[in-house]
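Student: Here it is: the structure, laid out below.
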Amino acid sequence: MSTRLRLALFAVAQLCLLPAIWKIARALPPFGNPIEIYGRSIDTLGPPLRHISNMVSAVNFDFRGLDTVGEEFMLLCAVTGAVTLLRGIRGEDRGAKAERLPGRPLLDRAESTILVARVFAPLILLFGLYMVLHATVTPGGGFQGGVIIASGLLLVYLGEGYDAWRCLAPSRVFDAMEGGGSLLFLLCGLGPMAAGGVFMENLLPLGSIKDVFSGGLIVIENASVAIAVIGGFAMLFLEFMEETRAAETENER
Amino acid sequence: MTWLVALLLLLAAAAGSGVVLSRDPRRQIFAIAANGLVLSALFFALEAPDVALSELAVGTAATPLMFLVILAAIRMDRKG
Amino acid sequence: MSVLPWLVAAWLFCVGIYGIVTSRNFVHLIGCLSVCQSSTYVLLLGIGYQWGAVAPIFYDHPPGTPAVDPVVQALVLTDIVVGATVTALLLAMALQVSRKHETLDPQKLRPFIDEGRR
């Protein structure tokens, strides 16, 4: 299919799509006046039912927990796929030297970068931990806090350099975190079934509202999601960075 | 407040167009980061703080870094 | 104003598809795919918004104040994180394509072309 034919097909498809878009945009409820029967009932009934004040976490981990199980395993599959693709060609060893393009100078890391990274990396890791722990009271949760902690690990890389970063953040730990978090999340679903309830039923004591350890099973599910997200993103960053290292068998450097 | 939401929606449309119209992948990385920032501000204005935090960390830190490292690896394969 | 978010979402989606159709570099194509994903986020969050409502976090307000829809926020939240890992998988595939075929141009990588016409 030549380029012109593809563009012509695209133009025809767009022309057929535009009246449909306009019709649908007129038929949706006007912006700001939604029909939110489900949402309003969760907002009114959620806090007394589960003693939790962050409704988004409640929907994620309790009311629609089955969807989050699916999302969690999608994350596991995507990370496993990317890591398998990259490691399958390259092997599992660590490259000792950075790969250099001929003719480009190799600059030392600037002192200001090292200082800023060393000052801010612990702060951001602590902030990420705060986000993870306060899932049930303030905006936060496993997904958000997990990505913030993974980004904090990048600041550690900037501050310490590649070799020290690989020593501080070993690959096996993140492998175990990724799989262990997903397994723990699934056990949170299957555990209540073994105790006589339904899948992911909230059988633990609920605690009091506005407390960090409230919500029962939500606390454990939140921690497992955070562990899995940290492990997954850190694995991705490690594998991607490893692609820029020189191969061991070339000996012309 | 309606003008803020309308302005951020138009900015989001402009940022998305900027990502598509930057044909060079190295320039597109900055467009992706700007898109993440604008979307995060839009999600804050739409009263969704959890979503905004998530989009901020992912769209401005994680995704542009992955693009950058892949471009470096591709370039090193070609030249080295 | 009452149809602006739906139109912005449709615009982002169409622009993303246009970028995918006319792309000359696989990495650029993956960036355009992320624009298509962001159009769904705008649409979902626009559906849940209510004028004058607060965020669905009842720490300062008593439960019962009008709040926006938390269900769509939960959907978008997990979607953003999972979308980033799928983008990483696609980038790893683009790297393998570049290694095997020495080019990243989608229009040069058409399958089953015989040598005479390439």
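The values are calculated or read from the model by the stated rules, or taken from the named source; none is laboratory data. Model, not experiment: these values are computed from the prediction. Don't worry about glycine lacking a Cβ; one is built from the backbone with ideal geometry, like all the others, and counts go over all protein chains shown.
Student: Restricting to the stretch A:173-191, give me the number of residues that are farther than 30 Å from A:Phe237 by Cβ and buried (at least 18 other Cβ atoms within 10 Å of the Cβ).
Tutor: Residues that pass the stated criteria total 1.
Student: Still on this model: Taking helices (runs of 4 or more DSSP H) that do not extend beyond chain B, which have at least 2 residues that are of a type outside the set (Val, Ile, Thr) and within 22 Å of A:Gly142 (Cβ to Cβ)?
Tutor: Per the criteria, B:25-45, B:49-57, B:63-79.
Here is a yes/no grid of residues against (1) more than 7 Å from every other protein chain (Cβ to nearest Cβ); (2) among the acidic types (Asp, Glu):
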position: A:Glu71; (1), (2): no, yes
position: A:Leu85; (1), (2): no, no
position: A:Gly88; (1), (2): yes, no
position: A:Asp93; (1), (2): yes, yes
position: A:Ala98; (1), (2): yes, no
position: A:Gly103; (1), (2): yes, no
position: A:Leu107; (1), (2): yes, no
position: A:Ser112; (1), (2): yes, no
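Student: Can you tell me how many residues within the stretch B:35-47 are crowded, with 19+ Cβ neighbours inside 10 Å and touching a Gly at 6+ places or on another chain (Cβ under 8 Å)?
Tutor: Residues flagged as crowded, with 19+ Cβ neighbours inside 10 Å and touching a Gly at 6+ places or on another chain (Cβ under 8 Å) within the stretch B:35-47 amount to 5.
Student: Considering only residues that are closer than 30 Å to C:Pro70 by Cα and among the hydrophobic types (A, V, I, L, M, F, W, C), which ones fall in the stretch A:65-102?
Tutor: The answer is A:Leu66, A:Val69, A:Phe73, A:Met74, A:Leu75, A:Leu76, A:Cys77, A:Ala78, A:Val79.
Student: Taking B:Leu42 as the residue in question, decide whether it is farther than 21 Å from C:Leu95 by Cβ, without any contact (Cβ under 8 Å) to a residue 40 or more places away in the chain and out of contact with any Lys or Arg (no Cβ under 7 Å at 6 or more places or on another chain).
Tutor: yes
Student: While we're here: Would you confirm whether any residue within the stretch C:25-45 is facing chain A (nearest Cβ under 10 Å), farther than 25 Å from B:Trp3 by Cβ, touching a Ser or Thr at 6+ places or on another chain (Cβ under 8 Å) and hydroxyl-bearing (Ser, Thr, Tyr)?
Tutor: no
Student: Are there any pairs with C-beta distances below 7 angstrom linking a residue in the stretch C:51-73 that is facing chain A (nearest Cβ under 8 Å) and basic (Lys, Arg) to a residue that is outside any loop (DSSP other than H, G, I, E, B) and buried (at least 21 other Cβ atoms within 10 Å of the Cβ), with the two at least 6 apart or on different chains, and if so which?
Tutor: Pairs found: none.
Student: Do you know which of the residues in the stretch A:43-56 that are of a type in the set (Val, Ile, Thr) and surrounded by 24 or more Cβ atoms within 10 Å (Cβ to Cβ) is nearest to the other protein chains (Cβ to nearest Cβ)?
Tutor: Looking at the filtered set, the residue picked out is A:Val56.
Student: I've got another one for you. If a residue counts only when it is free of Cβ contacts under 8 Å to residues at least 40 places away in the same chain and under 22 Å from A:Ile209 (Cα atoms), which helices (runs of 4 or more DSSP H) contained entirely in the stretch A:1-63 have at least 3 such residues?
Tutor: A:37-50
Student: Further question: Go through the residues of the stretch C:58-77 one by one and say whether even a single one is acidic (Asp, Glu), modelled with pLDDT under 90 and closer than 22 Å to A:Pro139 by Cβ.
Tutor: Yes - at least one qualifying residue is present in the stretch C:58-77.
Student: I would also like to ask the following. Hey, can you tell me all the residues within the stretch A:1-28 that are more than 8 Å from every other protein chain (Cβ to nearest Cβ) and more than 22 Å from C:Pro106 (Cα to Cα)?
Tutor: A:Leu15, A:Cys16, A:Leu18, A:Pro19, A:Ala20, A:Trp22, A:Lys23, A:Ala27
Student: Continuing with the same structure: May I ask you to list the residues in the stretch C:74-85 that are among the hydrophobic types (A, V, I, L, M, F, W, C) and at the interface with chain A (Cβ under 7 Å from one of its Cβ atoms)?
Tutor: Answer for the stretch C:74-85, where residues must be among the hydrophobic types (A, V, I, L, M, F, W, C) and at the interface with chain A (Cβ under 7 Å from one of its Cβ atoms): C:Ala74, C:Leu77, C:Val81, C:Val82.
Student: Tally up the residues in the stretch C:13-40 that are in contact (Cβ under 8 Å) with a residue 40 or more places away in the chain and out of contact with any Gly (no Cβ under 6 Å at 6 or more places or on another chain), please.
Tutor: Of the residues in that region, 9 qualify.
Student: Restricted to the stretch C:1-46, and to residues that are hydroxyl-bearing (Ser, Thr, Tyr) and in contact with a Pro (Cβ under 9 Å, 6 or more places away or on another chain), which residue is surrounded by the most Cβ atoms within 10 Å (Cβ to Cβ)?
Tutor: C:Ser23
Student: Any residue that is closer than 27 Å to B:Met66 by Cβ, modelled with pLDDT of 85 or more and either among the polar types (S, T, N, Q) or more than 13 Å from the chain's Cα centre (by Cα) (or both) - is there at least one of those in the stretch A:187-210?
Tutor: No: zero hits.
Student: Also: At the interface with chain C (Cβ under 7 Å from one of its Cβ atoms) and surrounded by 16 or more Cβ atoms within 10 Å (Cβ to Cβ), is that true of A:Val59?
Tutor: It is true that A:Val59 is at the interface with chain C (Cβ under 7 Å from one of its Cβ atoms) and surrounded by 16 or more Cβ atoms within 10 Å (Cβ to Cβ).
Student: Now for a separate question. Please give the number of the condition A:Pro170 fails out of (1) of a type outside the set (A, V, I, L, M); (2) surrounded by 15 or more Cβ atoms within 10 Å (Cβ to Cβ); (3) farther than 22 Å from C:Ile80 by Cα.
Tutor: In the conditions (1) of a type outside the set (A, V, I, L, M); (2) surrounded by 15 or more Cβ atoms within 10 Å (Cβ to Cβ); (3) farther than 22 Å from C:Ile80 by Cα, A:Pro170 misses (2) alone.
Student: Is one or more of the residues making up the stretch A:75-95 modelled with pLDDT under 85, touching a strand residue (DSSP E or B) at 6+ places or on another chain (Cβ under 8 Å) and assigned to a loop (DSSP other than H, G, I, E, B)?
Tutor: yes
Student: Under 7 Å between Cβ atoms, which residue pairs at least 6 apart in sequence (or on different chains) link something in the stretch A:206-222 that is part of a loop (DSSP other than H, G, I, E, B) with a partner that is surrounded by 20 or more Cβ atoms within 10 Å (Cβ to Cβ) and of a type in the set (Lys, Arg)?
Tutor: Pairs that qualify, where the first residue is part of a loop (DSSP other than H, G, I, E, B) and the partner is surrounded by 20 or more Cβ atoms within 10 Å (Cβ to Cβ) and of a type in the set (Lys, Arg), are A:Leu206/A:Arg50; A:Gly215/A:Arg50.
Student: Is the stretch C:49-61 home to any residue that is part of a helix (DSSP H, G or I) and either within 14 Å of the chain's Cα centre (by Cα) or not hydroxyl-bearing (Ser, Thr, Tyr) (or both)?
Tutor: Within the stretch C:49-61, not a single residue is part of a helix (DSSP H, G or I) and either within 14 Å of the chain's Cα centre (by Cα) or not hydroxyl-bearing (Ser, Thr, Tyr) (or both).
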